[in-house]
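See below for the structure under consideration.
The values are calculated or read from the model by the stated rules, or taken from the named source; none is laboratory data. Just so it is clear, the structure is predicted and the values come from calculations on it, not from any experiment. Positions of Cβ are backbone-derived with ideal geometry, glycine not excepted, and every protein chain shown enters the neighbour counts. Areas reflect the complete protein model, heavy atoms only, side chains present, ligands, DNA and RNA absent. Shrake-Rupley method; radii C 1.70, N 1.55, O 1.52, S 1.80 Å.
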Amino acid sequence: MRTYLITNLRAIWGRAYVRVVGANREPSWLFFEVALPLLASFSFALIYRGMGAPEQYVGFVVVSGAMIAFWQNILWSMAAQFYWEKEMGNLELYLMAPISRMSILMGMAVGGLFMTAIRATLILLIGTWVFGVTYQVSSWLLLTGVFVLTMGAVYGLGMLSSSLFMLFGREAWHTANLFQEPVYFATGFYFPVRALGDLGAMLASAIPLTLGLDAIRQLIFSGKPVNPLFTVRTEMLLLVVATIFFNWAALRALRFMENLGKQSGRLTLKGQ
Amino acid sequence: MQWSIETRNLRRTFRDRPVRRLFRRAVGTPVPDKVALDSVNVTVRPGELFGLLGPNGAGKTTIIKILSTLLLPSAGEALVDGIDVAKDPDSVRRRVNMVSGGEHSGYGILTVRETIWMFSQFYGVPTKVAKKRADAMIERLNLTESADTKTSKLSTGMRQKMNIIRGFVTDPKILFLDEPTLGLDVGIAREVRAFVSEWISEHPERTVLLTTHYMAEADSMCDRVAIIDQGRVLACDTPANLKRDLAPDCVYQIEVPLWTETISPLDQMPVVRSVAMEHRGDQGRTHLRVILEEEGGIASVTDRLAKRGARVLSMTRLEPSLEDAFLNLVGHGLSSGNGENGAR
Amino acid sequence: MINRLSTTYRSLVTSGRLGWAVESNWADPFVFMIYQIVRPLFGAFILVVMFKVVTGQPASAPAFAQVYVGNAMFMLVVQVLFGLGIVIFEDRERFEMLRYIYLAPVGFGVYLTGRGLAKTIATTAGVVFTILAGWLIFGIKYDLGFGDIPYFTAAMLLGIVAILALGVALAAVAMVTSREGFGLSEGVASVFYLLSGAVFTIDILPRWMVSIGHVLPFTYWLEALRRSLLHTPYIGSLSHLSDAQILLRLSWTTAVTVIICWALLSAAEHYAVSSGKLDQRTDH
């Protein structure tokens, strides 16, 4: 058991190393990874300005810009990455190694987190500076807790999706694309999720980002009307449940899909 | 005896995706399942360098994929170190590694050393040990100058040397080498073969399963060889025994001017067991490799050629080779010929 | 000369077909259309909700129609530019055929234009659907008469020329950068989204940004399309220009864009060959 744990920890570090080294050797990512989401945030902030919206809405957009960085990292650099790995010929080497598939995904996540954290911080700082957003944090402790739980749940969801991508052929690209705007819409990246109506917001809260964003907004724009979905404590509780559920489901789904792929022969079939 | 590798009536079929299969059935054009392996029975002893020899599409890679837990059998059993690959793949994975020919694994941004280290981490090899082993192998395979080069800058040969080290650095109990010298030049292919042979002689308790369609590679490297074609194992023995099955004085090479006919006029002769034909367009000649049922049949073969208008330019009696054994069993040769990339 | 034109035409058609095949994933056309439609539609939904949250007005309000049309049309810019960036990455590192395309006697620009055309056609379906959804779902009132069709068509075609030229040039730049380079196309598209008034009038931007907006073809393209579909000018600082003047400005800004992009393509091609970037692998 101990050996298995150590092997998996080594695997996480091994896979994360590629991302960390990649970030150092190809610094151009910083420009693309920061500038692009920043521009998107600027656009949405300016739309609100154009519409004469209250200032906290511009703040929503800036905070969401930072959170989108994490979602995109999960979507493109973790979930869909399994598809790329298959095409490159790495997936079969990962799958025949004596480790959990979660370790490979964790490695990708940890390695990507380094870049994504820089990206998110820069977006937050630049966006705040350009638009003069002011925050009023009611509790740093709760804010940290909400953020960690949101990441736990969202990365769990990412791992769950990666099980699908493991078997995907060329449709992977479209599928990853499909998880962008619809998710931005459903999770209320650019507006309070309550605007979708009570039922819509409840359904949207199945995506942990919805709860995380809502709680973060309540905590950093305290005193301003943010039209929350639930109280922060309820949302934290739901995030705990989501973290456990998505990680458990990911473990099961990865095993199931791997088995399915081994039965059909699609697991190592490239260029489908 | 505990076999290193054992397959029992191993069968693997591939079918269309369910939706496409239903559609084809509905429109009356059902496609039958493709049989990749059919009742394959192979046993490999610990310490053996065992070869699977067959043409492209014979089922060699399918066997490797099943043994390395990447594919499930449709029927039958596959055991690695006595463990069923379908029932306990995790235990199998701790014992094996695999290297394929022409693989592009890894990430272009990492150096050779980093790539080898990264893959070693997936097997839990401590960094110090991995680096020490990797350095020794890098030196042995003359890769030192490229060791700190990004893998995106490597030539095909250098890349394959790195892949070989990637497979060996985890010190696997059983190693699968799937056409490891595919596409390599003579010199590098020789280095790779020498490395594999030395490794197995230094680690007599380890096992290597090598697939190849290079006759000479199988002949020179393997303790035993299974000849496989169209998913079936046709024979399994030492190269020497496989060759011995052919009577002496029964293998001839006949050189004729470029012959555009099919081999059927010869193939159908009762004295002929099998024929392979190789055109040498640049020389305007055709080489026929003929295996006879019995000594003395060669006269009727040259007669038949003469009647077909093919003048015999030269005729040589050959010592039976593994290719002849293959030809004898399969009924056709391997298109890429023998002695490929300097195997002898 | 005729022979060369014929080869160019054949290459254009072949690369267009190839682009279509790759874009559509050799998939069921119905499934593909869903993929093409869902994303832009949800992009529109986001705007609708934002507008409603802030103004309390329904999406059918005239002020929102301008935003909606601009956003829907701008999808062409985003998708074609981004799509062509991906083409380079895929052809270079996944299909490993970029070098062979480069070796072929037909120009690299022709190949990329063909691929861009396929992307344009595929995206147009999404644009049309989004515009129709605006009318059917959100009650946006369009006012496109028969008399407006020549103007609309001319503006549309000029816009597509500018989009393709820019897409080809940025794809060529992506050729000499690493995997992230295809993000450059997306980045440039985002800059144009900001500066050409896709979803808000550029007049709210700082003066220097407005000046840049005034030399971009997409500013006039969107303005022309809005005027033909909705019959009201959107950008205040362009309201003094007649419809014909808008089209004229679109024409010359497009011409300048094509020339600049052509130069960029040539420079990137030269650099790619001289620095051996045609078959680099940067995926990690």
> Nearest 100 Å², what total accessible surface is buried between chain A and chain C (probe 1.4 Å)?
Replying inline: 4000 Å²
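Please state the shape class of the stretch B:1-127: rounded when a/c is under 1.5, otherwise prolate if a/b exceeds b/c and oblate if not, all from the C-alpha gyration tensor.
Oblate.
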> Cα centroids of the stretch B:44-105 and the stretch C:221-284: how far apart, whole angstrom?
Replying inline: 55 Å
>> I'd like to compare B:263-269, B:303-309: which one has the highest average count of other Cβ atoms within 10 Å, and what's the full order after that?
In response: B:263-269, B:303-309
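Taking every DSSP beta bridge with both residues inside chain B, roughly what % is antiparallel (nearest 5)?
65 percent
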> If contacts are Cα pairs under 8 angstrom and at least 6 residues apart, what is the relative contact order of the stretch C:7-275 in percent?
Replying inline: 25 percent
>> Checking an interface number: how much accessible area is buried between A and B, summed over both chains, with a 1.4 Å probe, in Å² rounded to 100?
In response: 3200 Å²
> Which whole-number percentage describes the relative contact order of the stretch A:2-264, with Cα contacts under 8 Å and a sequence gap of 6 or more?
Replying inline: 25 percent
> How far is it, in nm, from the label point at B:Glu294 to the one at C:Asp279 when both lie 7 Å from their Cα along the line to the Cβ?
Replying inline: 5.6 nm
> Which order do peptides A:81-92, B:197-208, B:40-51 fall in by mean Cβ count within 10 Å, highest first?
Replying inline: A:81-92, B:40-51, B:197-208
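I'd like the antiparallel share, as a percent to the nearest 5, of DSSP beta bridges with both residues in the protein assembly as shown.
Bridges in the protein assembly as shown that DSSP calls antiparallel: roughly 65 percent.
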> When Lys and Arg each count +1 and Asp and Glu each count -1, what net charge do the other residues less than 11 Å away from C:Gly114, Cβ to Cβ, add up to?
Replying inline: +4
>> Nearest 10 degrees is fine. How inclined is helix B:156-168 to the longest principal axis of chain B, computing both from alpha carbons?
In response: 60 degrees
> With the solvent-accessible surface defined on protein heavy atoms using a 1.4 Å probe, which residues belonging to the stretch C:34-74 display a reduction of at least 40 Å² in accessible area in the multichain context relative to the isolated chain?
Replying inline: C:Tyr35, C:Arg39, C:Phe42, C:Ile46, C:Val49, C:Met50, C:Val53, C:Val54
>> Could you check the spin-label model distance between B:Arg8 and C:His270? Points 7 Å from the Cα along Cα→Cβ, value in nm.
In response: 7.1 nm
>> Before we go on, tell me the buried accessible area for the C/B pair, both chains summed, 1.4 Å probe, in Å² to the nearest 100.
In response: 400 Å²
> Helix B:186-202 versus the longest principal axis of chain B: what angle, 0 to 90°, nearest 10, using Cα atoms?
Replying inline: 60 degrees
> Roughly how tilted is helix B:112-121, in degrees to the nearest 10 and between 0 and 90, from the longest Cα axis of chain B?
Replying inline: 70 degrees
> Quick one: which of B:Lys34/B:Lys60; A:Lys262/B:Lys131; B:Lys128/C:Lys277 span more than 25 angstrom between C-alpha atoms?
Replying inline: A:Lys262/B:Lys131; B:Lys128/C:Lys277
> Among all helices in chain A defined by DSSP H, which have a length of 27 Å or more along the axis from Cα atoms plus a Kyte-Doolittle mean of at least 0.0?
Replying inline: A:28-51, A:55-74, A:101-131, A:140-167, A:232-264
> In the stretch B:61-84, which residues become less accessible by 40 Å² or more once every protein chain is in place, relative to the chain on its own, using a 1.4 Å probe?
Replying inline: B:Lys65, B:Leu70, B:Leu72
> Per the 1.4 Å probe, what fraction of the accessible area of the stretch C:7-275, in percent, lies on carbon and sulfur atoms?
Replying inline: 72 percent
>> Could you tell me how far the Cα centroid of the stretch B:203-228 sits from the Cα centroid of the stretch A:1-67, in Å?
In response: 50 Å
> At a 1.4 Å probe radius, carbon and sulfur cover how many percent of the accessible area of the stretch A:2-264?
Replying inline: 71 percent
> Roughly how many Å² is the accessible area per residue of chain C, as a whole number, for a 1.4 Å probe?
Replying inline: 42 Å²
> Are there GluC sites (Glu not before Pro) in the stretch B:224-319 that DSSP marks as loop and that have at most 15 other Cβ atoms within 10 Å, and which are they?
Replying inline: B:Glu261, B:Glu293, B:Glu294, B:Glu295
> Which residues of the stretch B:96-142 show a drop of at least 50 Å² in accessible area when all protein chains are present, compared with their chain alone (probe radius 1.4 Å, heavy atoms only, ligands and nucleic acids excluded)?
Replying inline: B:His104, B:Tyr107, B:Ile109, B:Glu114, B:Trp117, B:Gln121, B:Phe122, B:Tyr123
> How well do other chains shield peptide A:194-202, expressed as the mean number of their Cβ atoms within 10 Å of each residue Cβ?
Replying inline: 1
> Per residue, how many Å² of accessible area does the stretch A:2-264 show with a 1.4 Å probe?
Replying inline: 36 Å²
>> Less than 19 Å apart at the alpha-carbon level, and either on another chain or at least 8 residues along: which lysines does that give for C:Lys141?
In response: C:Lys52
> Ignoring ligands, DNA and RNA, what accessible area per residue does chain B give at 1.4 Å, in Å²?
Replying inline: 43 Å²
> For the stretch B:1-58, what does the alpha-carbon gyration tensor say about shape, rounded, prolate or oblate, given a ≥ b ≥ c as the root eigenvalues, a/c under 1.5 as rounded, and a/b over b/c as prolate?
Replying inline: prolate
> In percent, what relative contact order does the stretch B:1-141 have, based on Cα pairs under 8 Å that are 6 or more apart in sequence?
Replying inline: 24 percent
> Just C:Ile37, C:Ile204, C:Ile160 to compare: in a GNM of chain C, with alpha carbon springs under 10 Å, which one fluctuates most?
Replying inline: C:Ile204
> Of all accessible surface on the stretch B:10-138 at a 1.4 Å probe, what whole percent is carbon and sulfur?
Replying inline: 54 percent
> Is the stretch A:1-60 rounded, prolate or oblate when judged by the Cα gyration tensor, a ≥ b ≥ c being the square roots of its eigenvalues, rounded requiring a/c under 1.5 and prolate requiring a/b larger than b/c?
Replying inline: oblate
>> Please compute the length gained on full extension between C:Met209 and C:His231, using 0.36 nm multiplied by the number of residues separating them and subtracting their Cα-Cα distance.
In response: 5.3 nm
